[in-house]
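One structure, pasted below without further comment.
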Amino acid sequence: MSSEAQSISTHQLLVALVELPLYQPHELAGADPNDQVKRLRLHKGKFDAYCPKCGKSTTWSPIVSNELEARAKQEQASAALSSHGNSAGPIRHFWAGDFGLRISCGRVNVHVADFHFTTTGPSPRDRLEFSKGALAQLDPTCLVKIGQWPSLTDFQLGNLSNFDEGMSRQQRKEFVRGTNCAAHGFFVASCVYFRRVFESVLLEARAEYMSRHNLEQWPEFDRARTDERIALLREHLPKFMSEHPHLYSVLSLGVHELTEDQCQREVPMLRSAIELIMQDRVTEVRQRRQREQVSKLLAQAIDRHKT
Ligand SMILES: [Zn+2]
């Protein structure tokens, strides 16, 4: 649960909820939770995010039904009458409880995404992990996402095809699993998969180095710590990785020491770091291919103009 919940706007709340994993409670601290949910359900602010159906970034708009608009107007009219002493009391609808949000893609309006929420206390994971006493301490006014389609993974994987040239099948599989784990609230497991991707990039660079130098064994590498291994392979690794050897320390902390909540805070950054590593590899593959193509064309041109 976020202690920052009190200060965020309705728009920030909407964007946070779109990115929220299933079954993670999001605290509605501060003002009347029913009123916060009302503002959320009537909010029409647009925001940019990836559309899994377009396969590219788009501007999403929340769809507010006529029925909800009518309910809000009824409340407003009732409040106005009440303030003039013409009514026993203003009508107040219950906006919290179970409800859905639908957003529509700005490129193709039949591309919609649906989210389902409930207003509740502790999440199912908390119920497994917390004692009865601790459960009682949890704030009962939380929003929990109980369903969404397309899945959070579909949104988070974004333009994964952009990295195809920089990822082996196994690396892609583990990157997807790391993202999937985070989408389901398992952030330590997510660190495990991201660390495996990191390690496999390092081992590929070692194999390339050994092959280039006709080495069958490399004891210096085998004895070295991971940061020293990165230094040894500096010239053969993706730029982001050789510039940030401490990335491995954070991944390892996530695997061995950090709590789920601490990992949750770090996982978006770790995923972006792995994406940058893959992006560096894609750039390298494309540049190498372009150099080979132009070299070939140059050789053909020289052949054509031989005297
Ligand atoms: Zn779309």
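The values are calculated or read from the model by the stated rules, or taken from the named source; none is laboratory data. Bear in mind the structure is a predicted one, so any value in this text is a computation, not a measurement. Because the Cβ atoms are built from the backbone with ideal geometry, glycine has one as well, and the counts that use them run over all protein chains shown. Keep in mind that these areas ignore ligands, DNA and RNA; they rest on the heavy atoms of the full protein, side chains included. Shrake-Rupley method; radii C 1.70, N 1.55, O 1.52, S 1.80 Å.
Inside region 46-121, counting only strands (runs of 3 or more DSSP E) that do not spill past its ends, which hold 3 or more residues that are β-branched (Val, Ile, Thr)?
It comes to 56-63, 112-120.
Go through region 207-237 and count every residue that is in contact with a Ser or Thr (Cβ under 9 Å, 6 or more places away or on another chain) and either touching a residue at least 60 places away in the same chain (Cβ under 8 Å) or open to solvent by 60 Å² or more (accessible area, probe 1.4 Å) (or both). Quick ask: steps written out before the conclusion?
Taking region 207-237 first, the residues in contact with a Ser or Thr (Cβ under 9 Å, 6 or more places away or on another chain) are 226-227, 230-231, 233-236.
Checking the rest, the ones that are also either touching a residue at least 60 places away in the same chain (Cβ under 8 Å) or open to solvent by 60 Å² or more (accessible area, probe 1.4 Å) (or both) come to 227, 234-235.
Count: 3.
Separate question: Are there any pairs, at least 6 apart or on different chains, whose C-beta atoms fall under 8 Å, with the first in region 148-163 and free of Cβ contacts under 8 Å to residues at least 40 places away in the same chain and the second in a strand (DSSP E or B), and if so, which?
Once the first residue is free of Cβ contacts under 8 Å to residues at least 40 places away in the same chain and sits in region 148-163, its partners that are in a strand (DSSP E or B) give TRP149/ALA113; TRP149/ASP114.
For residues that are of a type in the set (Gly, Ala, Ser) and at pLDDT 95 or above, scanning just region 250-294, find the one that is surrounded by the fewest Cβ atoms within 10 Å (Cβ to Cβ).
First, pick out the residues of region 250-294 that are of a type in the set (Gly, Ala, Ser): 252, 254, 272-273.
Among the residues that remain, those that are also at pLDDT 95 or above are: 252, 254, 273.
Working: SER252: 15, GLY254: 24, ALA273: 19.
Ranking the candidates gives SER252 first.
What is the one condition in (1) surrounded by 14 or more Cβ atoms within 10 Å (Cβ to Cβ); (2) in a helix (DSSP H, G or I); (3) free of Cβ contacts under 8 Å to residues at least 60 places away in the same chain; (4) not polar (S, T, N, Q) that VAL197 does not satisfy?
So VAL197 meets the others, but not (3).
Right, something else. Out of all the residues in region 50-77, which are in contact (Cβ under 8 Å) with a residue 12 or more places away in the chain and closer than 24 Å to LEU28 by Cβ?
Of everything in region 50-77, those that are in contact (Cβ under 8 Å) with a residue 12 or more places away in the chain and closer than 24 Å to LEU28 by Cβ turn out to be TRP60, SER61, PRO62, ILE63, VAL64, LEU68, GLU69, ARG71, ALA72, GLN74, GLU75.
Taking region 10-41 only, how many residues are at pLDDT 80 or above, open to solvent by 50 Å² or more (accessible area, probe 1.4 Å) and over 15 Å from the mean Cα position of the chain (by Cα)?
Adding up the residues that qualify gives 5.
Condition check ((1) open to solvent by 80 Å² or more (accessible area, probe 1.4 Å); (2) at pLDDT below 95) across all residues:
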residue	(1), (2)
LEU152	no, yes
GLN170	yes, yes
LYS173	yes, yes
GLY185	no, yes
SER190	no, no
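Looking at LEU143, is it of a type outside the set (Gly, Ala, Ser) and either touching a Gly at 6+ places or on another chain (Cβ under 7 Å) or open to solvent by less than 30 Å² (accessible area, probe 1.4 Å) (or both)?
Details: of a type outside the set (Gly, Ala, Ser): yes; either touching a Gly at 6+ places or on another chain (Cβ under 7 Å) or open to solvent by less than 30 Å² (accessible area, probe 1.4 Å) (or both): yes.
When the stated conditions are applied, LEU143 passes them.
Tell me, yes or no, whether region 80-97 has at least one residue that is surrounded by fewer than 13 Cβ atoms within 10 Å (Cβ to Cβ), in contact (Cβ under 8 Å) with a residue 12 or more places away in the chain and under 19 Å from LYS145 (Cβ atoms).
yes
Can you name the residue in region 49-90 that is farther than 21 Å from LEU101 by Cβ and of a type in the set (A, V, I, L, M, F, W, C) and is also farthest from the ligand (Cβ to nearest atom) among such residues?
ALA88
Of the conditions (1) under 30 Å from the mean Cα position of the chain (by Cα); (2) surrounded by 18 or more Cβ atoms within 10 Å (Cβ to Cβ), GLU204 fails just one. Which one is it?
Here GLU204 clears every test but (2).
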